[in-house]
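Quick notes on the structure that follows.
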Amino acid sequence: MKIGITSTTFSNDPFLVSRIEKYPFEEIHFNRDRYPLDTEELKEFLQNRDGAIIGRDRLTREVLEACPQLKAVSKFGVGLDNIDMSACKKNRVMVLHSQGVNRRSVAEQTLGFMIFLMRNLYQTSVNLKSMLWQKKGGHQLSGKKVGIIGVGHIGKDIVELLQPFDCVIYVNDIINQDQYYNRMGLLKASKNRIFKECDLVTIHTPLTPKTRYMVRLNTLEMMKKSAFLINTARGAIVEEQDLKHALKNNIIAGAAIDVYETEPPRDEEFLRLPNLICTPHIGGNAKEAVRSMGIHAIENLTGFFFNEKHAR
């Protein structure tokens, strides 16, 4: 059995490499240079491979049809929006993944964003590096109204992390979770109510046709001028140019984003906005999370190939 590992993060981690090399694969092909791979590169990389560990590379119908030997792909990460699931089913390629393995990493970064935005820590730090002593300490996070859209593994972890801050937590999800909401003292609300009433709104939904551009200019215009938006989910959930307009025109006070529709982003004017905190998709990239994602990806793939219950 021959497998390919597309993620440079995985391929350059000695711990994960040694872990998968313990298994009796005939050949393991690591991608240590360019990531993510484009369509042609991915077709070449996965040629004659029986299995793969996939990161953010786009696994399309074209790629799958060019790699008929492929039997299973294991996701290094949690989102599946880069994988054509219907094409995988048609081509009898099993998609293996584990949910929530990087939840604490993303939740901690989201909490950090909340504190940085509310307390004006980012901008005052940038100002001081330019020798501008500007004592504008913002507001406490404690007691504020926080809206969480998408109450899955990460959303729930943020609820846990917010407990000491005594915030009023508004929640919205397509799945009925009333028992959990009641137990945790959460306020179930529509998206519109969250945008209108909350001091902070944080997005934690998957990217689907229904959530693509869920946040547009008309959404941002609902928010209080003092409110902040956080997106650590997927870039295309927020219409980037609309967010840029809202920040430039002080429609909202600020935003923090870790994800972009095109990565890496190219709009330098957008990235340099003083009321925008931007990070390079590192929410789930804490070392502990990387190891956890890698271990789960390995276990899922080896479970498929070396455990009879997965045999086709």
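Couple of notes before you dig in:
Conditions tested, residue by residue: (1) touching a Cys at 6+ places or on another chain (Cβ under 6 Å); (2) open to solvent by 10 Å² or more (accessible area, probe 1.4 Å); (3) part of a loop (DSSP other than H, G, I, E, B); (4) over 20 Å from VAL93 (Cα atoms).
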site	(1), (2), (3), (4)
GLY4	no, no, no, no
SER18	no, yes, no, yes
LEU42	no, no, no, no
ASP57	no, no, yes, no
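- Complete set of residues in segment 157-185 that are under 21 Å from VAL101 (Cβ atoms), in a helix (DSSP H, G or I) and open to solvent by less than 90 Å² (accessible area, probe 1.4 Å): ASP157, ILE158, VAL159, LEU161, TYR180
- Test for THR124: is it out of contact with any helix residue (DSSP H, G or I) (no Cβ under 8 Å at 6 or more places or on another chain) and open to solvent by less than 80 Å² (accessible area, probe 1.4 Å): yes
- Comparison of PRO36, PRO14 shows that the only residue that is surrounded by fewer than 22 Cβ atoms within 10 Å (Cβ to Cβ) and farther than 23 Å from ALA236 by Cα is PRO14.
- Candidate set: segment 199-209, residues that are touching a residue at least 24 places away in the same chain (Cβ under 8 Å) and part of a loop (DSSP other than H, G, I, E, B); chosen: the one most open to solvent (accessible area, probe 1.4 Å): PRO206
- Residue satisfying condition, being farther than 19 Å from GLY303 by Cα and in contact (Cβ under 8 Å) with a residue 24 or more places away in the chain, within set MET114, MET94: MET114
- Which listed residue, of VAL78, VAL73, VAL63, VAL95, is in a helix (DSSP H, G or I) and open to solvent by less than 60 Å² (accessible area, probe 1.4 Å): VAL63
The values are calculated or read from the model by the stated rules, or taken from the named source; none is laboratory data. Note that the coordinates shown come from a computational prediction; the quantities given were computed from them, not determined experimentally. Glycine gets a Cβ as well: all are built from the backbone with ideal geometry, and neighbour counts include every protein chain shown. The accessibility values were calculated without ligands, DNA or RNA, using every heavy atom of the protein model including side chains. Shrake-Rupley method; radii C 1.70, N 1.55, O 1.52, S 1.80 Å.
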